[in-house]
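Report on the following structure.
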Amino acid sequence: MTARTTQYLIGAVFAVLGGWALLFPQSVIDLAVRPEFQSDDYLATFAMACFGAQACLFALVAFTAIFTKRTFLAYGIALLPFFVFNYWFYFKVPLLTEVGLVDFAGNSIMLALCWHGWRTAET
């Protein structure tokens, strides 16, 4: 698999999960957030949709830019705090449901893709 294909796969993760949050934010809240942390406030739905819009924006970057070894490395490093987030909000402050761990799965896939992209990309 080429580095270009690898970056498209990273973009696909962002597009799928971000598109879900952008187009169906209440669905994400209902399925991924435990009931005791859910809010009927419109701002929660708005914030989730904004989160999805940001992810879709990065998907566009991943689909159109040319990633180098440095890009894959930087992105892989930047992903690491998100694993802390997933751990904290599942085990320490149990906000996320098991469905909410799809974020952990997406981050894991993207980290593996960053490693692969770093190995195959040109400098």
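Rule-based calculations on the coordinates, nothing more; no lab input. Since the structure is predicted, the reported quantities are computational estimates derived from the model, not experimental observations.
Assorted remarks:
- All distinct Cα pairs of segment 54-116 go into the 1/r average, and the inverse of that average, the Kirkwood radius, is 12.8 Å.
- Segment residue 115-residue 27, extension gain: residue separation times 0.36 nm, minus the distance between their alpha carbons: 28.5 nm
- Relative contact order of segment 1-106, defined on C-alpha pairs under 8 angstrom at six or more residues apart (%): 37 percent
- Full-extension gain in nm, residue 53 to residue 88, via 0.36 nm per residue minus C-alpha separation: 10.2 nm
- Among (i) 91; (ii) 145; (iii) 158, the entry that matches volume of the Cα convex hull per residue in Å³ as calculated here: (i)
- Helices in the chain that qualify as membrane-span-like (whole DSSP H runs, Cα extent of at least 30 Å along the helix axis, mean Kyte-Doolittle hydropathy of 0.0 or higher) are 42-64.
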